[in-house]
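Let me begin by presenting the structure, written as structure tokens, before commenting on it.
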Amino acid sequence: MLEPEVENLHTPVLLMEAMHFLSPNEGGLFVDATVGLGGHSEEILRASGSTELIAIDQDAAAIAKTQKRLEPFEGRTHFVHANFAKVKSIVKGITSEMPKGILADLGVSSLQFDSETRGFSFRFDAPLDMRMDPDSGGETAADILATRTEEEIANLIYEYGEERLSRKIARQIVWARERGEALRTTGDLARLVEKAVRRGPRDKIHPATRTFQALRIAVNSELEIIEGFLLDSVEILKTNGILAAITFHSLEDRIVKQVFQRLAGKCSCPPRIPKCICGAEKRVEILTRKPVIPGETEIALNPRARSAKLRVCKKL
């Protein structure tokens, strides 16, 4: 029986749609590269007694909770505490078998987003950490705000948060720093951004939403590792194996779309270049002409699903 707090926290997004493409009912080896709280993994393992799973997550707390959830499938599940960027070496270190399917549910998990202590959300006044692996020793969000220049902070918020008022926000951050006002908690940052932006009552999202997204992406190098993960995943998949990626914002989705197109042989070189130099080679078939999105019922039951997009390809 799953612990009550896990049940309340986790509703897997686009679950049936992902299972439709992965077809775990036919057995074989699967990889959940971002296991989180195990909703997709449980469905994969439940589908067939001959299905095995490699469950990867960089968050040790998520691994611990998911191990309890997947206890009924003990002996068929390998848990690995690591970043999904290492998927190739992880799989090869466990088995010589090539996976039949690989799933990645990108972005922040419910466990992280709802934590009152890890700084992913301004709903709780917590230290500005935002590391998905708090044991990594890497920079926190507070470290970034304390050390980067105004221009660097503005560029980061603009590029990763798609925030048009990024320069105004960065200026306020640096002014606060120069006055000796340290930004140590989520509340500190949210109040500062709200003061800088002052959006009107009709705005649907909190003024700090995009800034928090940008810092989280920067802290965890989220965008930089997606392309390598996708390329490595296709390399280790068996022929006709399925790669499925769920994204939650346009920056992630754009990378997945472009990498899939390149893997499907679409040349991205400028039209006047006489010979292709981008390396496009037809290695996959894209199974989702347009991304699969949640229906109204799923969004009503789980509002966090509203921005989710599923893209799937099959290795040739």
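Coordinate-derived values only; no laboratory data. All of these numbers come straight from a predicted model, not from anything done at the bench. So basically every Cβ, Gly included, is an ideal-geometry build from the backbone, and we count neighbours across all protein chains shown.
Numbers below:
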| quantity | calculated |
| --- | --- |
| Between 0 and 90°, nearest 10: helix 250-263 axis offset from the chain longest Cα axis | 40 degrees |
| Over the chain: Rg over Rh, Cα atoms, Kirkwood Rh | 0.99 |
| Folded to 0 to 90 degrees: helix 186-197 orientation relative to the chain principal axis, Cα | 70 degrees |
| HN-Hα J in Hz across region 236-249 - Karplus 6.51, -1.76, 1.60, θ = phi - 60°, x for Gly and Pro | 8, 5, 6, 4, 6, x, 10, 10, 10, 10, 9, 10, 10, 8 |
| Protection proxy ranking, peptides 71-83, 159-171, 299-311, 211-223, average beta carbon neighbours within 10 Å, highest first | 211-223, 159-171, 299-311, 71-83 |
| Peptides ranked, highest mean first, by Cβ atoms within 10 Å: ranges 101-109, 139-147, 268-276 | 101-109, 139-147, 268-276 |
| Selected from L106, G180, A141, residue furthest toward positive end of dipole (region 72-207; charges at beta carbon) | L106 |
| Cα centroid separation - region 19-95 against region 239-258, whole Å | 18 Å |
| Length gained when the stretch R191-S136 is fully extended (0.36 nm per residue, less Cα-Cα span) | 17.0 nm |
| Simple label model, 7 Å out from Cα along Cβ direction - E285 to K68, nm | 4.4 nm |
| FRET efficiency estimate (nearest 0.05) - Cβ-Cβ, F124 to R46, R0 35 angstrom | 0.55 |
| Nitroxide proxy distance, nm - points 7 Å out along Cα→Cβ at T95 and E296 | 4.2 nm |
| At R0 = 25 Å, FRET efficiency that the Cβ-Cβ distance of M16 and K88 yields, to 0.05 | 0.30 |
| Inter-site label distance for R306 and R76 at 7 Å from Cα along Cβ, in nm | 3.7 nm |
| Value of relative contact order over the chain, rounded to a whole percent, pairs C-alpha under 8 Å and six or more apart | 17 percent |
| Principal-axis tilt of helix 166-178 within the chain, Cα atoms, nearest 10 degrees | 60 degrees |
